[in-house]
1. Only one of these is at pLDDT below 95 and not small (G, A, S): L78, L41, L96. Name it.
2. Restricting attention to the range 135-169, report how many residues are within 13 Å of the chain's Cα centre (by Cα) and modelled with pLDDT under 95.
3. Just to check your reading of the model, which residue among E108, E128 is under 33 Å from the mean Cα position of the chain (by Cα), exposed (fewer than 13 other Cβ atoms within 10 Å of the Cβ) and not basic (K, R)?
4. Testing E114 on (1) more than 18 Å from I60 (Cβ to Cβ); (2) surrounded by 12 or more Cβ atoms within 10 Å (Cβ to Cβ); (3) modelled with pLDDT of 95 or more, one condition comes back false. Which one is that?
5. For the range 26-48, does any single residue satisfy the condition of being under 26 Å from N139 (Cα atoms), under 22 Å from the mean Cα position of the chain (by Cα) and in contact (Cβ under 8 Å) with a residue 60 or more places away in the chain?
6. Which number in (1) at pLDDT below 95; (2) of a type in the set (G, A, S); (3) over 22 Å from I60 (Cα atoms) marks the one condition that A125 misses?
7. So which residues in the range 45-60 are surrounded by 14 or more Cβ atoms within 10 Å (Cβ to Cβ) and either modelled with pLDDT under 95 or of a type outside the set (G, A, S) (or both)?
8. Could you tell me which of the residues L141, L137, L165 is under 23 Å from A103 (Cβ atoms) and not aromatic (F, W, Y)?
Amino acid sequence: MLTTRLGVIWAAVAVLCLLLVFTLRTAGLFLSGLLFLAAALFAWRSSFIQPESRALRTSIQLSTDDIQAILDAYDRFLLAGDADSIADRTLHRPALADESCDAPAITEFRAKAEAARRFIYRVGAIVEDPSVTTTELTNILGIADQRSQELAEAWNQARLEARRLGRDY
């Protein structure tokens, strides 16, 4: 998509240069040269920004993958039908599967998990937008890393709390 966009920009610059040359002759040739140099400078400058932007987008994807892995582990805990998952859900950590359990660590994890689901849904569209600046991507990466770490800690604490509570909560 980006190469198509650059191709359209270069085509527009070429057409504009030709129009300037044919309408203004010598002055048009001079202006066309300036326009071409400005476009080349812009393209050269963006070639340095693009790799940084790509690296930031990849890092954000890795952080959201970490968040998704925790959410998948929680979903597996709640829904998996294998013997180990059922035993974990019913014998070892039933409080974690019980929506009415009001243990602080468990309710905190549930709140963070729902916020993480919304975050992943929103951040995908933002990261794919080519007009997002590197500063904005850097901020999003910081938020994604923080949410990933907080969710992992909350998941571990919720599992420990549910294990501590056992079946008699």
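1. Sole residue among the options that is at pLDDT below 95 and not small (G, A, S): L41.
2. So the answer is 0.
3. Among E108, E128, only E128 is under 33 Å from the mean Cα position of the chain (by Cα), exposed (fewer than 13 other Cβ atoms within 10 Å of the Cβ) and not basic (K, R).
4. E114 satisfies all of (1) more than 18 Å from I60 (Cβ to Cβ); (2) surrounded by 12 or more Cβ atoms within 10 Å (Cβ to Cβ); (3) modelled with pLDDT of 95 or more except (2).
5. Checking the range 26-48: not a single residue is under 26 Å from N139 (Cα atoms), under 22 Å from the mean Cα position of the chain (by Cα) and in contact (Cβ under 8 Å) with a residue 60 or more places away in the chain.
6. Going through (1) at pLDDT below 95; (2) of a type in the set (G, A, S); (3) over 22 Å from I60 (Cα atoms) one by one, A125 breaks only (3).
7. If the condition is that a residue be surrounded by 14 or more Cβ atoms within 10 Å (Cβ to Cβ) and either modelled with pLDDT under 95 or of a type outside the set (G, A, S) (or both), then S53, L56, R57, I60 are the ones that fit.
8. Answer to the check: L165.
The values are calculated or read from the model by the stated rules, or taken from the named source; none is laboratory data. Model, not experiment: these values are computed from the prediction. Glycine gets a Cβ as well: all are built from the backbone with ideal geometry, and neighbour counts include every protein chain shown.
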